[in-house]
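A.B. asks: Handing you this structure, nothing more for now.
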Amino acid sequence: MKWEFKDGIPIYLQIISHMRNDIASGVMPPGSRIPPVRAFAGEIGVNPNTMQRALTQLESEGLLYTQRTNGRFVTEDETVMKKLRNDLSETYIRELFRNLERLGMNRKDIVEAVRRWNEQPEHRSSID
């Protein structure tokens, strides 16, 4: 399945971002095997060199690891996974605040709006 990429942002960075989200959300579960570079690049519609650059970066972050004869895999290290989820949540919260501050809301108003939103039954998580 080809991925859609945005203009103005290097493709390898978009691949990294997409894969971080897939790893954090379990779409790419811990211990799962990553397709070989050429196959993965063809699958998402990018140059193999671009794919290699993204995978190398994810490996340097500890999100992927290589077994010499078996390929690349998603980390099973819970500490790394927890850090990834924390980093992503901070990014999303920062974006939320930035967007709502542009609308003229202050931090107190934003926190109150999130609290009210969360209290509505239709917005409650299935894990509550």
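We did not get these values from a lab; they are worked out from the coordinates using the rules stated. Predicted, not measured: the structure shown is a model, and the values here were computed from it. So basically every Cβ, Gly included, is an ideal-geometry build from the backbone, and we count neighbours across all protein chains shown.
A.B. asks: Grab the other residues whose beta carbon is less than 10 angstrom from that of Gly45, score K and R as +1, D and E as -1, and report the net.
C.D. replies: Net of charged neighbours comes to -1.
A.B. asks: With just the Cα atoms defining each centre, how far is the range 51-128 from the range 1-48? Give it in Å.
C.D. replies: Cα centroid of the range 51-128 versus Cα centroid of the range 1-48: 16 Å apart.
A.B. asks: Give the angle, between 0 and 90 degrees and rounded to the nearest 10, that separates the Cα long axis of helix 107-119 from the longest principal axis of the Cα atoms of the chain.
C.D. replies: 80 degrees
A.B. asks: Loop-only check: which chymotrypsin sites (Phe, Trp or Tyr not before Pro) in the range 21-128 are DSSP coil with at most 12 other Cβ within 10 angstrom?
C.D. replies: Of the chymotrypsin sites (Phe, Trp or Tyr not before Pro), not one in the loops of the range 21-128 has a Cβ with at most 12 other Cβ atoms within 10 Å.
A.B. asks: Let me check I have the definition right: for the chain, take the eigenvalues of the Cα gyration tensor, multiply each by 5, take square roots. What are those semi-axes in whole Å, largest first?
C.D. replies: Semi-axes, largest first: 33, 18, 13 Å.
A.B. asks: How about the range 46-95: which trypsin sites (Lys or Arg not before Pro) there lie in a loop by DSSP and see at most 13 other Cβ atoms within 10 Å?
C.D. replies: Arg68
A.B. asks: Principal axis lengths of the range 79-123 from Cα atoms, whole Å, largest first?
C.D. replies: Projected onto its principal axes, the Cα set of the range 79-123 covers 35, 27, 14 Å.
A.B. asks: Beyond 19 Å, how much of the Cα-Cα pair distribution for the range 11-76 remains, as a whole percent?
C.D. replies: The calculated P(r) of the range 11-76 puts 21 percent of pairs beyond 19 Å.
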